[in-house]
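S.K.: Pasting a structure below so you can have a look.
The values are calculated or read from the model by the stated rules, or taken from the named source; none is laboratory data. Keep in mind that what you see is a predicted model, and the values were worked out from it rather than measured. Using ideal geometry, Cβ is built from the backbone for each residue, glycine included, and neighbour counts are taken over all protein chains shown. Each accessible area value is taken on the protein alone, full model and side chains, heavy atoms only, with ligands, DNA and RNA left out. Shrake-Rupley method; radii C 1.70, N 1.55, O 1.52, S 1.80 Å.
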Amino acid sequence: MKKKTTDNPFEVLGIAKTVTLKELDRAYAQLEFTYHPDNYSSESEKFEAEEMLYKIDCAYRSAKEIIKSEPVEQGIFKNILKTEDKPVTPKAEVVIERSGGKAEILKSYICEGIRKKFFFFGEKYPSGIRTEFSGSDDEVYLYLKIKNIDRTFFDLRIEWISPFGESFQYITNRFDQFTGSFIFYCWLDLFGVKKNNLYGNWKVKIYFNQKEKIELPFKISQ
Amino acid sequence: MGNGNIVGIDFGTTNSAVALVAGNEVVIVTNNYGRLTPSIVSFVDDNEQLIGFSAKNYAALNPERTIRSVKRYMGTDKVFKINNREYTPSDIAAIIIKKLIDDAQEYIGEKVEEAIITVPAYYNDIQRNATIKAGKKAGIKVERIITEPTAAALAYGFTRTQGEESTILVYDLGGGTFDVTILKLQEGFFKVLATDGDSRLGGDDFDQKIVDFIVKRFQNEEGVDLRTNTLAMQKILETSEKIKIELSDRKTTEIMIPFIIADSNGTKNINYKITRVQFEEMIKDVISRTVPMVFNTLNAAGLEKEDIDRVILVGGSTKIPFVQKIIEMHLGKTPYKNINPDECVALGAAIAAGIKSQQIKKSIIRDVLPQPLGTDIDDDVMDVILDRNTPLPARHSKIYTTTEDFQTEISIMIYQGTSKNASENQILGEYMFSGIEKKPAKVPSIEITFKIDVNGILNVSAKDHDSGKEMDWTVKRDGFTKSLPEEDNNRKNTDFVERTGISNNDTRMRITESGNKSNLSLPPGSNFPTTTNRELQ
Ligand SMILES: Nc1ncnc2c1ncn2[C@@H]1O[C@H](COP(=O)(O)OP(=O)(O)O)[C@@H](O)[C@H]1O
Ligand SMILES: [Mg+2]
């Protein structure tokens with residue numbers, strides 16, 4: 001049995017990143033067949049095949065997502081990181097979400113040029129849109145996640161600007177080592193934001209290394 | 001390779017069949033009555049049971065001691081009380097399976113030791129295991145369970161010229177159940193893409209429509225409500241099924257039941273004409289209910305109807321011309337006719353058996369998980385870890401956290417089903433995970449992994465990333481399993497805390513034993529169901 005040691009989904013599947021979904025499906029089916037444990041007789045081979053199969057399944061799901069998705073907005077981080085001579089990965093993702101009552105992704109940015117050290121591949125680390133949250137509309141909080149970044153890399157500070165120009169800098173943040181994301185919370189009830197003042201055009205400013213800064217606009221609608 | 005003979009069994013709600021590989025052929029086993037065996041058991045007395053056609057014929061005389069449609073009850077705790085003895089659904093199923101095995105043994109003149117039994121694709125783990133148990137009680141080893149649509153696909157694939165790949169849709173409408181499944185066939189590889197169904201929809205509903213028609217007309221014309229008359233209703237029901245079947249071949253027929261009632265005014269007969277068009281009007285609603293499920297399944301498989309190369313019909317009710325018409329109308333494709341809808345499931349099971357005994361060239365089958373598997377979080381919310389239609393074997397993990405400060409234990413409940421409320425789903429097991437490092441609420445990161453291996457065994461494991469503590473459990477195959485904490489004292493202690501509210505400085509928080517509060521929840525920020533982390537680079 002040929003074992004694949006790479007974690008890159010396209011390499012696991014042995015296909016180019018430019019394939020169509022149909023070609024992806026075909027390659028996947030071929031591998032599912034090859035690595036199905038029923039094809040092997042010894043217990044150890046069966047076990048190895050099963051592990052490979054999980055890896056293939058996982059790679060398939062990732063590859064499918066990537067092929068299907070179009071980056072939302074690009075290039076925001078490009079200039080900021082010019083001075084940084086450490087190796088960089090092309091893209092990281094910044095997601096701003098709200099929770100409580102109605103939970104949704106408010107905005108998602110693909111940011112180029114952030115060095116990625118904590119990269120996790122695979123099904124172990126689910127991410128995406130939270131669809132349910134057991135909070136009421138009175139305990140809305142926003143959170144911003146920066147995925148795929150190295151936590152030692154930035155001195156990060158986040159400032160939330162409400163539609164009424166109020167600025168909130170109280171932040172709890174958490175580095176989620178399993179998704180490799182920095183998560184910044186903004187508990188609006190703590191700031192005494194009235195429910196009605198919530199809706200409108202917000203901004204979140206991200207300060208890096210004390211001087212560099214980017215602004216990401218987003219909107220909360222009723 | 002097993003030495004004994006191995007057969008394939010379609011254990012159906014209404015009818016069952018058994019098939020086997022003989023030489024180069026796959027054949028249905030015939031008995032004195034034909035090729036199908038009604039799934040009916042009628043107890044004459046303690047020592048004598050009638051099974052199949054003879055039971056069906058005797059049923060009218062012995063309604064209280066006749067059991068039909070036992071398949072509906074597989075995996076439930078229903079008991080049938082007959083002549084002061086109690087039978088579980090598996091016991092009754094075993095009687096039918098035993099009869100099929102006997103017929104097969106007579107047919108080949110040799111002993112049969114193993115079988116592959118088919119189950120509906122939507123069957124959950126407990127129902128599947130009840131079926132395996134029934135096989136064991138019938139004295140055979142159940143080599144494997146495969147799903148009915150997969151079996152139908154095997155039967156189709158067997159006759160087909162080899163070579164190119166194709167995508168097929170199996171539409172199975174039986175006596176009481178409806179199933180739709182999409183599969184991809186390649187040389188030597190059968191891959192299920194998606195499946196859906198309704199376990200309360202089928203030919204019985206059509207019979208009932210005719211019954212209603214008769215009862216209503218009798219009420220109008222004679223002013224008598226027949227519904228209180230069990231014997232009359234029994235006759236009407238039997239006749240209705242016959243009429244329905246006749247209308248598959250004829251455009252019009254007559255419902256004739258002589259002496260339906262007898263009273264002081266004399267006897268009354270039923271003699272009504274019914275046309276196919278009338279019948280189609282009656283059943284339109286019921287058949288229409290299958291259409292959205294077909295499209296949901298297409299959707300789940302990520303396909304358009306144009307992607308389907310063949311539509312295969314399975315189940316007695318697909319012989320109704322109107323059913324075929326509806327399918328053709330919605331899928332824009334004439335269903336494949338060269339396969340017998342009554343027999344293909346048993347034939348497919350026999351092919352799977354033949355693969356097992358190496359009489360038939362090897363094929364690999366990759367099935368999917370029919371119903372979501374998950375755990376409960378927050379207030380009885382079903383949080384899915386392995387979603388429906390996940391290809392099997394499968395392994396998936398999610399990260400959870402605690403709801404209370406310094407909580408060191410969580411109870412992991414395993415559920416299977418589609419309801420958003422965990423407790424409305426089938427519970428498969430409950431396990432206590434202890435040894436979580438003391439942290440404020442929502443801080444711990446507990447990874448829960450579900451794994452289903454090739455043999456369909458579900459394994460659950462939990463890991464606290466901070467303490468490194470790991471535990472795993474195998475979900476037992478015969479129903480609900482529960483593992484208490486290692487030391488039982490702990491539990492007593494916790495119960496005490498809960499009842500009295502005195503905590504003894506014990507930092508361990510409530511467990512979910514009797515409280516309605518769950519102490520497992522998704523951590524804020526890294527919590528997202530069903531989608532998989534995308535690689536960004
Ligand atoms: N020619 C026919 N026309 C219409 N319905 C039929 C015909 N033959 C059988 N049926 C119906 O098919 C159903 C049984 O289908 P079957 O596939 O054997 O059921 P199951 O798989 O549930 O055991 C019964 O409701 C029966 O009345
Ligand atoms: Mg059937």
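S.K.: What nm distance separates the two modelled labels at B:HIS330 and B:ASP309, each placed 7 Å from Cα along Cα→Cβ?
M.R.: The modelled label-to-label distance comes out at 2.4 nm.
S.K.: While we're on this one: Helix B:344-356 sits at what angle to the longest principal axis of chain B, using alpha carbons and giving 0 to 90 degrees rounded to 10?
M.R.: Between helix and principal axis, roughly 50 degrees.
S.K.: Among the listed pairs B:LYS319/B:LYS362; B:LYS184/B:LYS361; A:LYS46/B:LYS71; A:LYS46/B:LYS136; A:LYS2/B:LYS362, which have their C-alpha atoms separated by more than 30 angstrom in this model?
M.R.: Exceeds cut-off: B:LYS319/B:LYS362; A:LYS46/B:LYS71.
S.K.: Okay, moving on. Which whole-number percent gives the relative contact order of chain B, counting Cα pairs below 8 Å spaced six or more residues apart? Spell out each step's value before the answer.
M.R.: Values: 1133 pairs, mean separation 70.3, N = 537.
Value for chain B: 13 percent.
S.K.: Please calculate the 1.4 Å probe accessible area of A:LYS17, with all protein chains present, and give it to the nearest 10 Å².
M.R.: 120
S.K.: Show me the trypsin sites (Lys or Arg not before Pro) within segment B:248-303 that DSSP assigns to loop and that have at most 14 other Cβ atoms within 10 Å of their Cβ. Don't jump to the answer; show the numbers that get you there.
M.R.: Values: sites: B:ARG250, B:LYS251, B:LYS268, B:LYS273, B:ARG276, B:LYS284, B:ARG289; in loops: B:ARG250, B:LYS251, B:ARG289.
Listed in order of number, the matching sites are B:ARG250, B:LYS251, B:ARG289.
S.K.: A:TRP160: accessible area at probe 1.4 Å, nearest 10 Å²?
M.R.: 0
S.K.: Next up: What longest region of chain B stays clear of GluC sites (Glu not before Pro) that DSSP places outside H, G, I, E and B and that have at most 13 other Cβ atoms within 10 Å?
M.R.: B:305-485
S.K.: With the alpha-carbon atoms as the only input, what is the per residue convex hull volume for chain B in Å³?
M.R.: Dividing the Cα hull volume of chain B by its residues yields 205 Å³.
S.K.: How big is segment A:5-60 in terms of Cα radius of gyration and Dmax, in angstroms?
M.R.: Radius of gyration, then largest Cα-Cα span, for segment A:5-60: 11.7, 37 Å.
S.K.: Within segment B:203-284, how many Lys pairs sit with Cα atoms under 20 Å apart, leaving out pairs fewer than 8 places apart on the same chain?
M.R.: So the count of such lysine pairs works out to 23.
S.K.: Measure nothing but the geometry: give the 0 to 90° angle between the long axis through the Cα atoms of B:148-159 and the longest principal axis through the Cα atoms of chain B, rounded to 10°.
M.R.: Approximately 60 degrees, to the nearest ten.
S.K.: How large are Rg and Dmax for segment B:203-284 when only the alpha carbon atoms are used, in Å?
M.R.: Here Rg and the maximum Cα pair distance are 12.5, 40 Å.
S.K.: Report the calculated FRET efficiency for B:HIS465 and B:ASN220 (r = Cβ-Cβ distance, R0 = 60 Å), to the nearest 0.05.
M.R.: So, using R0 = 60 Å, E works out to roughly 0.25.
S.K.: In whole Å, how far is the Cα centre of segment B:65-120 from that of segment B:297-366?
M.R.: Going from one Cα centre to the other spans 26 Å.
S.K.: How large is the accessible surface of B:THR390 in square angstrom, using a 1.4 angstrom probe and rounding to the nearest 10?
M.R.: In the full protein context, B:THR390 sits at about 20 Å².
S.K.: Also: Quick check: the angle from helix B:321-331's long axis to the longest principal axis of chain B, C-alpha only, nearest 10 degrees?
M.R.: Helix B:321-331 sits roughly 40 degrees off the main axis of chain B.
S.K.: Let me have the relative contact order for segment B:185-299, percent, based on Cα pairs under 8 Å that are six or more residues apart.
M.R.: 26
S.K.: Cβ under 13 Å from B:LYS216's Cβ, B:LYS216 left aside: what net charge do those residues give with Lys, Arg +1 and Asp, Glu -1?
M.R.: -1
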